[in-house]
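The values are calculated or read from the model by the stated rules, or taken from the named source; none is laboratory data. Since the model is a prediction, treat every value here as computed from it, not as a measurement. Counting neighbours? That spans all protein chains shown, and the Cβs are built from the backbone with ideal geometry, glycine included.
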Amino acid sequence: MKQVFMPLVLVILFGSLCRADSPFFKEFFAMDTATKDAEHPTPDSQAIIVKELGFTGMSWTGFDQFAELKNALQTNGLKLYAVYFWGTIEKEGFQIQPGLAEALEIMKGNEYFLWLTINSQAWKSDEPESYPQALTLIRNVADQALPYGVKVALYPHAGCWLDKTEQAYQLAQDSGKPNVGISFNLCHWLKVDGPEMNLDLLIRKVKPKLFVVTLNGAEPPGDWDKLIQPLDKGTYDLKPLLTTLKSVGYTGPVGLQGYGIQEPVKEHLPRSMQTWKEWVSSLSSYEPIRVTTDDLSAFREPTGTWYPAGDAISDPQNEALLASLPGVGVLINGKDGKTNHLITKEEWGDVEVHIEFMVPKGSNSGVYFQGRYEIQVLDSWGVTEPKHSDCGGIYQRWHEEPGIPDDQRGYEGRPPRVNASRPPGVWQSFDVIFKAPRFDADGKKIANAQFVRVVHNGIVVHENQELTGPTRASLFNDEAPKGPMMLQGDHGPVAYRNFWIRPLTEP
């Protein structure tokens, strides 16, 4: 899409809207594929050079020397991010690489990832009968990892049964395990899907389960010598990927892939680190603001019965309600879903917004831009012909004048192009570029508000949709250059998380 906005360099220090201390790209680790050569054969020697160059830690392949690696990293004040291992699915059952139980004992009490790739001799990934067996394997690994506090990141790998990022995402969703997510691996994505695929939309789709990202320099198409290079080499532009990661609020770790690079580690690794620092610095003005969902401090009183939680799930006793898990990061609108709207203290004009939400069966909410223009949130799973009132729709305006039949009061509602809804009880996302109405010096409106783009679960459902005024049940009846964001809280149970806003301005 043509770029219509530029970053507004703005530092906002307002309660829990944080931006001065950027949370993005703080953790950059080296995969052992990038650290091992004849001069650095041992965990100790690899940890030392990783420390010297400023990486925050390492990942590891397999379980050999695993305890030695952990000790080497701890000695150097580094973090162990992930261990890569395999599982296989066959018609008679599944197998897991030996050594997992011992590795979990070593990983106990720390936040690590198990990088799980899945192979099969019996099936290709598109054979439907293989899918339940893969889920059985994933759930088994997840259940083993959970008591140790370890997450499982499914690792799409070219040439394996699990080779596509979207396939990994669907498996993570269908597993029903909160400690299961995915890894996005640039080189494997380039090999399997190719650069012609819209990477921006893919990242926006998989963000709710995106645990870790790996990247490298690349020059597609080609074999691995082209697709895996140091960061300072290759023609593939990685900055759009980093920009997208920022816009969706990804603050997780980024790993450097180095498989097959023929240069000595002491030559290519420093160049990759230098290039990484330059990229991060060049993107420093592209800074979304986090609207905290750890507590209610970003919202105006009264906030009713909204409360923070570590996660939300469908209530096992009542599918029309939500239950919560301990912790923070998610806001839920009470036990019955009938409470106040959440209205931000801060106000905005043109914005790029990422927000994630969950509704149980039959529930309803809405995200209001400037408190006036609603993108509908609804359990629309299975709807074949979506309306403006379905999830992702731009809600209708409303004639309040007396004497108009009820079936003629609604107008200007826009249905989504397609129904991109996921099942109830599953996290979903909106990514929206919104343009505020324009006014002249006398306060007369000279341009309508506009939803420039609305992306629902990684699928574009609206583009360039103007609004002549506030939609029904808005916070205000007038229009203005700025306004608060509002999350509807009185139409049924809903949970929100990962709320990021980036102010925008025209060039």
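If you scan region 244-273, which residues turn out to be part of a helix (DSSP H, G or I) and surrounded by 14 or more Cβ atoms within 10 Å (Cβ to Cβ)? Before the answer, list the steps.
Filtering region 244-273 for residues part of a helix (DSSP H, G or I) gives 244-247, 265-273.
Correct list: Thr244, Leu245, Lys246, Ser247, Val265, His268, Leu269, Pro270, Arg271, Ser272, Met273.
Listed here are the residues, each with its yes/no results for (1) without any contact (Cβ under 8 Å) to a residue 40 or more places away in the chain; (2) under 18 Å from Pro253 (Cβ atoms); (3) among the basic types (Lys, Arg).
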{"site": "Glu68", "(1), (2), (3)": "yes, no, no"}
{"site": "Tyr81", "(1), (2), (3)": "no, yes, no"}
{"site": "Leu104", "(1), (2), (3)": "no, no, no"}
{"site": "Pro156", "(1), (2), (3)": "yes, yes, no"}
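For Ala172, state whether it is crowded, with 21+ Cβ neighbours inside 10 Å, of a type outside the set (D, E, K, R) and either under 22 Å from Ile261 (Cα atoms) or out of contact with any Cys (no Cβ under 9 Å at 6 or more places or on another chain) (or both). Walk me through how you get there before you give the answer.
On the way: crowded, with 21+ Cβ neighbours inside 10 Å: yes; of a type outside the set (D, E, K, R): yes; either under 22 Å from Ile261 (Cα atoms) or out of contact with any Cys (no Cβ under 9 Å at 6 or more places or on another chain) (or both): yes.
Yes.
Between Ala158, Ala145, which is at pLDDT 95 or above, assigned to a helix (DSSP H, G or I) and within 25 Å of the chain's Cα centre (by Cα)?
Testing whether each residue is at pLDDT 95 or above, assigned to a helix (DSSP H, G or I) and within 25 Å of the chain's Cα centre (by Cα) leaves just Ala145.
Evaluate the following for Ile106: is it aliphatic (A, V, I, L, M), modelled with pLDDT under 95 and in the same structural domain as Lys266 (by TED's automatic domain parsing)?
Yes; evaluated as a whole, the condition is true for this residue.
State whether one or more residues within region 177-187 are surrounded by 21 or more Cβ atoms within 10 Å (Cβ to Cβ) and more than 21 Å from the chain's Cα centre (by Cα).
no
Would you check if Phe55 is in contact (Cβ under 8 Å) with a residue 24 or more places away in the chain, over 30 Å from Arg139 (Cβ atoms) and within 29 Å of the chain's Cα centre (by Cα)?
So Phe55 fits the description; yes.
Among the residues of region 298-333, which ones are in a loop (DSSP other than H, G, I, E, B) and of a type in the set (D, E, K, R)?
Selection gives Arg300, Glu301.
For residues in region 18-77 being surrounded by 14 or more Cβ atoms within 10 Å (Cβ to Cβ) and basic (Lys, Arg), which is modelled with the lowest pLDDT?
So, considering only residues that are surrounded by 14 or more Cβ atoms within 10 Å (Cβ to Cβ) and basic (Lys, Arg), the one modelled with the lowest pLDDT is Arg19.
What is the residue count in region 460-482 for residues that are out of contact with any Leu (no Cβ under 8 Å at 6 or more places or on another chain) and either in a strand (DSSP E or B) or among the acidic types (Asp, Glu) (or both)?
9
Filter region 370-396 for residues that are part of a loop (DSSP other than H, G, I, E, B) and closer than 23 Å to Ser314 by Cα and give the result. Reasoning before the result, please.
Here is the first cut: in region 370-396, the ones part of a loop (DSSP other than H, G, I, E, B) are 370-372, 379-393, 395-396.
Within region 370-396, Asp379, Ser380, Trp381, Gly382, Val383, Ser389, Asp390, Cys391, Gly392 qualify.
Among the candidates Ser365, Ser421, Ser429, single out the residue that is in contact with a Cys (Cβ under 6 Å, 6 or more places away or on another chain) and at pLDDT 95 or above.
Only one candidate passes the filter, namely Ser421.
Select from region 351-369 the residues that are assigned to a loop (DSSP other than H, G, I, E, B) and in contact with a Pro (Cβ under 7 Å, 6 or more places away or on another chain) and write down the one among them that is surrounded by the fewest Cβ atoms within 10 Å (Cβ to Cβ).
Here the answer is Lys361.
Here's the yes/no breakdown for (1) farther than 23 Å from Pro423 by Cα; (2) polar (S, T, N, Q); (3) in the same structural domain as Gly425 (by TED's automatic domain parsing):
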{"position": "Ala122", "(1), (2), (3)": "yes, no, no"}
{"position": "Ala145", "(1), (2), (3)": "yes, no, no"}
{"position": "Gly159", "(1), (2), (3)": "yes, no, no"}
{"position": "Thr165", "(1), (2), (3)": "no, yes, no"}
{"position": "Gln170", "(1), (2), (3)": "no, yes, no"}
{"position": "Lys177", "(1), (2), (3)": "no, no, no"}
{"position": "Ile182", "(1), (2), (3)": "no, no, no"}
{"position": "Val192", "(1), (2), (3)": "yes, no, no"}
{"position": "Thr214", "(1), (2), (3)": "yes, yes, no"}
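If I ask for residues that are over 28 Å from Lys205 (Cβ atoms) and in contact with a Lys or Arg (Cβ under 7 Å, 6 or more places away or on another chain), which ones from region 318-358 would you list?
Selection gives Ile343, Lys345, Glu347.
Pick out, from region 32-111, the helices (runs of 4 or more DSSP H) lying fully within it that include 3 or more residues that are within 25 Å of Glu267 (Cβ to Cβ).
32-35, 43-53, 66-75
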